[in-house]
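Structure first, commentary second.
The values are calculated or read from the model by the stated rules, or taken from the named source; none is laboratory data. These figures come from a predicted structure and were not determined experimentally. A quick note on method: Cβ atoms are made from the backbone with ideal geometry, for glycine too, and the neighbour counts reach across all protein chains shown. Heads up: the accessible areas ignore ligands, DNA and RNA and are worked out on the full protein's heavy atoms, side chains in. Shrake-Rupley method; radii C 1.70, N 1.55, O 1.52, S 1.80 Å.
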Amino acid sequence: MGIDRALFPKIVQPGASLGQLKADIRERVGFDCRVIAPATHDTGSAWLAVPAPDAQSVFMSSGTWSLIGVENTEPVLTSESRELNFTNEGGAYGTYRYLKNIMGLWMAQCVRRELIVRDGDAPSFAELADMAAAAEGEPSLVDVNDQRFLAPASMIDEVRDACYDTGQRVPETIGELMQCIFCSLAKAYAGAVADLSRLTGTTYRRINIVGGGCQNAYLNQVTANACGIPVYAGPVEGTALGNIMVQLIATGGVAGLPAARALVRQSFEIKEIEPQR
């Protein structure tokens, strides 16, 4: 495209040493340090922090969006993979993040923000999850990846309209609305796990969730129920932890990614949620 290549930095792998601080910066901050390139992407770093014990683990970085997939040593380049919207992202240490983007807690965040505007206050995210758990009856389900949920004027009205449009019970209370959102997310996760299993030829036996969304006990439970396999929730600060892990490996603090993940399993509380019938 006629762009001068000199404008771009050299491409390096995560864990590469970029050198020390410049002399003028050292003088200003009063110390020196070695600069290590991390995975350079929030999901890339969070993926490294997933304390998966083996290749039968599904990874999920759960926040405003849910990135769900697995870690491979080779890309999956089939037409079916492309059509199902899975991507191969270059990861650290010769790995590929094989994943897709699914709606995450964006819908819940929109509902809470709408309640604040309407009422001047709103339940916390933990309280919203408790309200969902207390809702009675079978939840209505919506397609969380439908474009209509990306930027509606009112997320509350949009979810209710989607239920009406599909002939389902329209959520009346906020608890019923949150139950619908969380159970719909769990259904989407289960579909992605089934697709992953078919595309890779692997039977997955657990889902490891990191990021802020792993604190949602109700969503974790309905996800385990929908997928039919245990959920392992934690750690929360996956991105920061994955960044630190790359630095530890680069400086010899731990001997490689498997050892770093073992250290995460030993050092952080990982909650196991078994599926319920």
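Numbers at a glance
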item	result
Long-range neighbours under 7 Å by Cβ, at least six apart or interchain, first residue among the acidic types (Asp, Glu) within segment 163-179, second at pLDDT 95 or above and outside any helix (DSSP H, G or I)	GLU176/ALA135
Scan of segment 93-114 for residues that are surrounded by 17 or more Cβ atoms within 10 Å (Cβ to Cβ) and assigned to a helix (DSSP H, G or I), ordered by number	TRP106, MET107, ALA108, CYS110, VAL111, ARG112, GLU114
Candidate set: segment 44-84, residues that are without any contact (Cβ under 8 Å) to a residue 60 or more places away in the chain and within 23 Å of ALA260 (Cα to Cα); chosen: the one most open to solvent (accessible area, probe 1.4 Å)	GLU74
Segment 115-131 - residue that is among the aliphatic types (A, V, I, L, M) and outside any loop (DSSP other than H, G, I, E, B) and, of those, farthest from the chain's Cα centre (by Cα)	VAL117
Residue that is most open to solvent (accessible area, probe 1.4 Å) [pool: residues in segment 238-277 that are charged (D, E, K, R) and free of Cβ contacts under 8 Å to residues at least 60 places away in the same chain]	ARG277
Any strands (runs of 3 or more DSSP E) falling wholly within segment 41-91 and containing at least 2 residues that are touching a helix residue (DSSP H, G or I) at 6+ places or on another chain (Cβ under 8 Å)	57-62, 65-72
Failed item, numbered, when GLN266 is tested on (1) closer than 30 Å to ILE36 by Cα; (2) in a loop (DSSP other than H, G, I, E, B)	(2)
Restricting segment 1-26 to residues that are among the charged types (D, E, K, R) and not in a loop (DSSP other than H, G, I, E, B), the residue that is nearest to the chain's Cα centre (by Cα)	ARG5
Matching residues in segment 209-231 - criterion: being under 16 Å from the mean Cα position of the chain (by Cα) and small (Gly, Ala, Ser)	GLY211, GLY212, GLY213, ALA217, ALA224
Every residue from segment 132-156 that is more than 23 Å from the chain's Cα centre (by Cα) and crowded, with 16+ Cβ neighbours inside 10 Å	ALA135, PRO139, SER140, ILE156
Condition broken by GLU127, with the remaining ones in (1) without any contact (Cβ under 8 Å) to a residue 24 or more places away in the chain; (2) open to solvent by less than 80 Å² (accessible area, probe 1.4 Å) satisfied	(2)
Any hit, segment 192-210, residues being assigned to a strand (DSSP E or B), modelled with pLDDT of 95 or more and open to solvent by 10 Å² or more (accessible area, probe 1.4 Å)	yes
Contacts under 6 angstrom Cβ, first residue in segment 202-213 being of a type in the set (Phe, Trp, Tyr), partner open to solvent by less than 10 Å² (accessible area, probe 1.4 Å), 6 or more apart	TYR204/VAL58
Any hit, segment 183-191, residues being outside any loop (DSSP other than H, G, I, E, B), modelled with pLDDT of 95 or more and either touching a Cys at 6+ places or on another chain (Cβ under 6 Å) or open to solvent by 40 Å² or more (accessible area, probe 1.4 Å) (or both)	yes
Any hit, segment 211-221, residues being in a loop (DSSP other than H, G, I, E, B), at pLDDT below 95 and under 17 Å from LEU48 (Cα atoms)	yes
Checklist (1) touching a strand residue (DSSP E or B) at 6+ places or on another chain (Cβ under 8 Å); (2) more than 23 Å from GLN109 (Cα to Cα) applied to ILE68, failing item	(2)
